[in-house]
1. Please determine whether any residue of segment 11-22 is surrounded by 10 or more Cβ atoms within 10 Å (Cβ to Cβ) and not in a helix (DSSP H, G or I).
2. Residues being within 14 Å of V16 (Cβ to Cβ), assigned to a helix (DSSP H, G or I) and touching a Leu at 6+ places or on another chain (Cβ under 8 Å): count how many of those fall in segment 46-66.
3. S62: of a type in the set (G, A, S) and more than 12 Å from the chain's Cα centre (by Cα), yes or no?
4. Just wondering, is there one or more residues in segment 37-45 that are modelled with pLDDT of 95 or more and either closer than 16 Å to R15 by Cα or not in a helix (DSSP H, G or I) (or both)?
5. Write out, first by first residue and then by second, each pair whose Cβ atoms fall under 7 Å of each other, whose residues are 6+ apart or on separate chains, and whose first residue, in segment 59-73, is at negative phi while the second is of a type in the set (V, I, T) and surrounded by fewer than 16 Cβ atoms within 10 Å (Cβ to Cβ).
Amino acid sequence: MNGIHLLFDNETVARVLKTPTDEKELFHNRNLDKIQILFADFVQKESFVEKQEYLQSLDEESFELLLRTYFHIVDNSLQNESSRH
């Protein structure tokens, strides 16, 4: 994924996403509840600063899970949009 993202620095995104993960593994039942909680908490933050603070408060595993989920959603949204045209 190319580009600049304000909430995630490029080095961190590259470090996390350089190790591929199987979609089935990422969204395995054992992760679903945690993903839902992490993502719901994240999107409920109203300001950019609150979102940054939330990301910084996460442990490494939770941060990686949220980052992978976030970019999975972004990637799927872009793919769906481009397939419509």
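1. Yes: segment 11-22 contains one or more residues that are surrounded by 10 or more Cβ atoms within 10 Å (Cβ to Cβ) and not in a helix (DSSP H, G or I).
2. Total meeting the criteria: 5.
3. Spelling it out, it is not the case that S62 is of a type in the set (G, A, S) and more than 12 Å from the chain's Cα centre (by Cα).
4. Yes, some residue in segment 37-45 is modelled with pLDDT of 95 or more and either closer than 16 Å to R15 by Cα or not in a helix (DSSP H, G or I) (or both).
5. Cβ pairs passing all conditions: R68/T21.
The values are calculated or read from the model by the stated rules, or taken from the named source; none is laboratory data. Since the structure is predicted, the reported quantities are computational estimates derived from the model, not experimental observations. Cβ atoms come from the backbone with ideal geometry, glycine included; neighbour counts cover every protein chain shown.
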